[in-house]
Structure formats: C-alpha cells, structure tokens
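Participant: Provided herewith is a single structure, encoded as structure tokens, for subsequent inquiry.
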Amino acid sequence: MTAVVLQSLESGAADAARLAARLGIPCHTIEVHRFPDGELRVRVGPAAPTTILYASLDQPNDKLISLIFAAEALRRGGTQRLVLVAPYLCYMRQDTAFSPGEAISQTVIGRLLAGAFDRIITMDAHLHRTPTLDAVFPGIETLNLSAIPAIAEYLAAAGLDPRSVAVGPDAESEPWVGDLGSRLGIDHVVARKTRHGDRSVQITLPDGVKIAGRPVVLFDDIVSSGGTIMACATILQAAGAARVDVVVTHALFPDAMLKTFAEAGIASVRSTSSVPHLSNAIRLDGLLAQALAGEPTRPS
Ligand code: R5P
C-alpha cells in the first residue's frame, strides 16, 4: 500500500494534481454521482495509511456532504490519518449570530469537519472574531497559511511600480495588506467599510492619504458579490489613482463579473489558485507542498 495518497473532488482536480506531482505522490479524483432526487453517491480511490483530501470549499454545500462521505469510505478502507487541504474554508464569516435566531455557521462547520479529519490546512481563513483556527476545529491539528508570500513574489516578479500603494478595503484586511506592503517595500493604506447589505457597501479612505497619480494594488481576501471591490475602486479612481489592479486570495465571484470590473475601469483582477477561477494567476501549490512535507511518506 502507498503510504500517502492525495484524493480530490472534481472541482479542484487540476490544482490537486499539481500538488501531488510536487509531493511525488499518487493523485486520484473522487467520483461523485448525483441521483435524480439530488442525493449523492461518493466513490473514493484506494485508501492509504495517510490520505490527503483536497477540496476547496467554495459553493460548499454539496462538497461538504461529499467530503464527509469520502472520509467515511477512506477510514473504512484503512486510512488512519486523514488530512483535509481546503484552500478556501467556507462559512467562516458567519462567526456570530448577527441577529436573533441566526445559526453560527462557523461553529457547526468546525465541529462537522473536526469529527472527520485529523488535520486541516487552509489558506487565509476569514477569522475575524475567532482568535485561531484551533478554536474553530476543536481537538485536531490545524494550519492557517497565508497566501501573501506567494502574492508578493508574483507581484514583484511581474515588475511592480515602486510608487504603488497597497490598499485594503476594510479593517479586517489590515494584517494582509500590511504584510503585502512590507514584503513589496511599498506604502499601504486601509480604508473603512460600512456594509448596508449583501451587495451594498460604503467605503471611505482615511484622511490625508496620497493616492493621486499612484498605481494601486487593491487587495481583499475574498471577493464575493464584488460590491466591496467596486466601491473601493470607485473612491480610489475619484482620488486620482493612476490605475487600480485588484488581487484577491479567494475568488468567489462568477467569472462573468470580470467584464463588469473591466468596464468599471479596474485594470486587472488576479486571484490565487485557492478557488478555481478564470482570474487565477498566482499558484499556491508551493506553499501547500511545504506545509505537507512533514506528512509520513513511508508506512509506519
Ligand atoms: C469581508 O470582510 C471580506 O474581507 C470581503 O471584503 C468581503 O467578503 C467581500 O464581499 P463582497 O465581494 O460581497 O463585497
């Protein structure tokens, strides 16, 4: 039996294959069949003592069920250590009941996945009010990587204008945009955001920031409805930005929205491979392979 194998859901198959190739381990795509009534049947590949499951959890509901079914089949097949690599981790933003009666989705998903896996590796999990990933997944190993090193390396290699300023749209983006600015040796600015609804936000820039005539790298961890990026790009353009290029870790918006961004004067939108998307430009398999390097490669 091979000591470690990687298995992935169909949606991440290309990224999973690249990761497996880097690790030098076999890769298998899990088969998911949808019955006419909507129920799913999951068929995994041969289990190994350590099995890495690769599944980015955008559009998560069916994927969560598939993962839990796959975990059951793999454990029964002989897997002792089950590692989930989920570059995008779903439901992390609903970390409190914002109004009476709301479920705290983050807690529910945390318990569900902690019951199925021994280790969870993700990328820039949206932990706003929750201190660490360990608090989300009680009792198992967790690793919350940052995509910023890969993003900075990509932007530096692409020949970033040294007069550029990195901008984050809200207070939550501060750690990421600060790290990005210092890695690239450029200024960074954090705007203020007030959210009025799912697709409606208001952004203001802090007083005294100098944007006029400078290129802007507008960074957000997640782009979903696109409302935050559009509102932020609009005020940056009004402030005289020479150009606005967007970089995002988790591209959750529809591919077709790229046209809307372009029509709004955004020069480019580039995302990491966390979520398969037309805007993918920055690969994460190097960071993920490093994180997985300690997994046992020989049968114990
Ligand atoms: C929220 O706090 C996140 O960092 C993103 O700013 C947010 O999820 C973006 O959502 P949308 O694209 O729907 O404005």
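The values are calculated or read from the model by the stated rules, or taken from the named source; none is laboratory data. Owing to the predicted nature of the structure, the values given are computational and were not obtained by experimental measurement. Backbone-built Cβ (ideal geometry, glycine too); neighbour counts: all protein chains shown.
Participant: Kindly indicate which of Val201, Val177 is at pLDDT below 95, within 17 Å of Val248 (Cβ to Cβ) and in contact with a Gly (Cβ under 8 Å, 6 or more places away or on another chain). Walk me through how you get there before you give the answer.
Facilitator: Working: Val177 fails: at pLDDT below 95.
Residue meeting the stated conditions: Val201.
Participant: Continuing with this model, one more query. Would you mention how many residues in the stretch 244-292 are free of Cβ contacts under 8 Å to residues at least 12 places away in the same chain and not basic (Lys, Arg)? Let's see the steps before the verdict.
Facilitator: Taking the stretch 244-292 as the starting set, the residues that turn out to be free of Cβ contacts under 8 Å to residues at least 12 places away in the same chain are 254, 256, 259, 262-263, 290.
Okay, now just the ones that are also not basic (Lys, Arg), so 254, 256, 262-263, 290.
Here the count works out to 5.
Participant: From Val167, Val136, which residue is within 16 Å of the ligand (Cβ to nearest atom) and either crowded, with 22+ Cβ neighbours inside 10 Å or among the hydrophobic types (A, V, I, L, M, F, W, C) (or both)?
Facilitator: On the way: Val136 fails: within 16 Å of the ligand (Cβ to nearest atom).
The conditions single out Val167.
Participant: Kindly establish whether Gln237 is away from the ligand (no atom under 16 Å from the Cβ), closer than 30 Å to Thr79 by Cα and either surrounded by fewer than 23 Cβ atoms within 10 Å (Cβ to Cβ) or without any contact (Cβ under 8 Å) to a residue 12 or more places away in the chain (or both). Spell out how you get there, then give the answer.
Facilitator: Working: away from the ligand (no atom under 16 Å from the Cβ): yes; closer than 30 Å to Thr79 by Cα: no; either surrounded by fewer than 23 Cβ atoms within 10 Å (Cβ to Cβ) or without any contact (Cβ under 8 Å) to a residue 12 or more places away in the chain (or both): yes.
It is false that Gln237 is away from the ligand (no atom under 16 Å from the Cβ), closer than 30 Å to Thr79 by Cα and either surrounded by fewer than 23 Cβ atoms within 10 Å (Cβ to Cβ) or without any contact (Cβ under 8 Å) to a residue 12 or more places away in the chain (or both).
Participant: Within the set of pairs 6+ apart or on separate chains, which have a first residue in the stretch 214-232 that is of a type in the set (Lys, Arg), a second that is more than 6 Å from the ligand (Cβ to nearest atom) and in a strand (DSSP E or B), and C-beta atoms under 8 Å apart?
Facilitator: Taking only residues 6 or more apart or on different chains, the pairs are Arg214/Val165.
Participant: Follow-up. Specify which of the listed residues (Asp118, Asp124) is touching an Asp or Glu at 6+ places or on another chain (Cβ under 9 Å) and away from the ligand (no atom under 16 Å from the Cβ).
Facilitator: Working: Asp124 fails: away from the ligand (no atom under 16 Å from the Cβ).
Result of the check over Asp118, Asp124: Asp118.
Participant: Which residue, of Pro169, Pro162, is over 23 Å from Ala231 (Cα atoms) and not acidic (Asp, Glu)?
Facilitator: Answer to the check: Pro162.
Participant: Give the number of residues within the stretch 185-224 that are buried (at least 16 other Cβ atoms within 10 Å of the Cβ) and within 13 Å of the ligand (Cβ to nearest atom).
Facilitator: Residues meeting the conditions: 12.
Participant: Assess whether Asp285 counts as being of a type in the set (D, E, K, R), within 21 Å of Ser200 (Cβ to Cβ) and under 18 Å from the mean Cα position of the chain (by Cα).
Facilitator: Details: of a type in the set (D, E, K, R): yes; within 21 Å of Ser200 (Cβ to Cβ): no; under 18 Å from the mean Cα position of the chain (by Cα): yes.
No: the conditions fail for Asp285.
Participant: Here is a further query. Can you tell me how many residues in the stretch 73-82 are surrounded by fewer than 14 Cβ atoms within 10 Å (Cβ to Cβ), touching a residue at least 40 places away in the same chain (Cβ under 8 Å) and closer than 18 Å to Val32 by Cβ?
Facilitator: Count: 0.
Participant: To continue, here is another question. Test Thr122 against the criterion of being polar (S, T, N, Q), modelled with pLDDT under 95 and more than 30 Å from Arg214 (Cα to Cα), and give yes or no. Give the steps one after another, and end with the answer.
Facilitator: Details: polar (S, T, N, Q): yes; modelled with pLDDT under 95: no; more than 30 Å from Arg214 (Cα to Cα): yes.
Criteria not met by Thr122.
Participant: Taking only the stretch 257-300 into account, find how many residues are of a type in the set (Asp, Glu) and over 27 Å from Asn144 (Cα atoms). It would help to see each step written out before you state the result.
Facilitator: Of all residues in the stretch 257-300, those of a type in the set (Asp, Glu) come to 263, 285, 295.
Narrowing further to those that are over 27 Å from Asn144 (Cα atoms): 263.
Qualifying residue count for the region: 1.
Participant: For Leu113, indicate whether it is more than 18 Å from Ala20 (Cβ to Cβ) and within 16 Å of the ligand (Cβ to nearest atom). Walk me through it before giving the result.
Facilitator: Numbers: more than 18 Å from Ala20 (Cβ to Cβ): yes; within 16 Å of the ligand (Cβ to nearest atom): no.
Criteria not met by Leu113.
Participant: Okay, next question. Among the residues of the stretch 132-159, which ones are in a loop (DSSP other than H, G, I, E, B) and closer than 17 Å to Gln94 by Cβ?
Facilitator: As a first pass, look at the stretch 132-159 and keep what is in a loop (DSSP other than H, G, I, E, B): 132, 137-140, 146-147, 158-159.
Within the stretch 132-159, Phe137 is the sole residue that qualifies.
Participant: Restricting to the stretch 18-60, name every residue that is surrounded by fewer than 20 Cβ atoms within 10 Å (Cβ to Cβ), touching a Phe, Trp or Tyr at 6+ places or on another chain (Cβ under 9 Å) and of a type in the set (A, V, I, L, M, F, W, C).
Facilitator: Once the filter is applied, which keeps residues that are surrounded by fewer than 20 Cβ atoms within 10 Å (Cβ to Cβ), touching a Phe, Trp or Tyr at 6+ places or on another chain (Cβ under 9 Å) and of a type in the set (A, V, I, L, M, F, W, C), the stretch 18-60 yields Cys27, Val32, Leu40, Val42.
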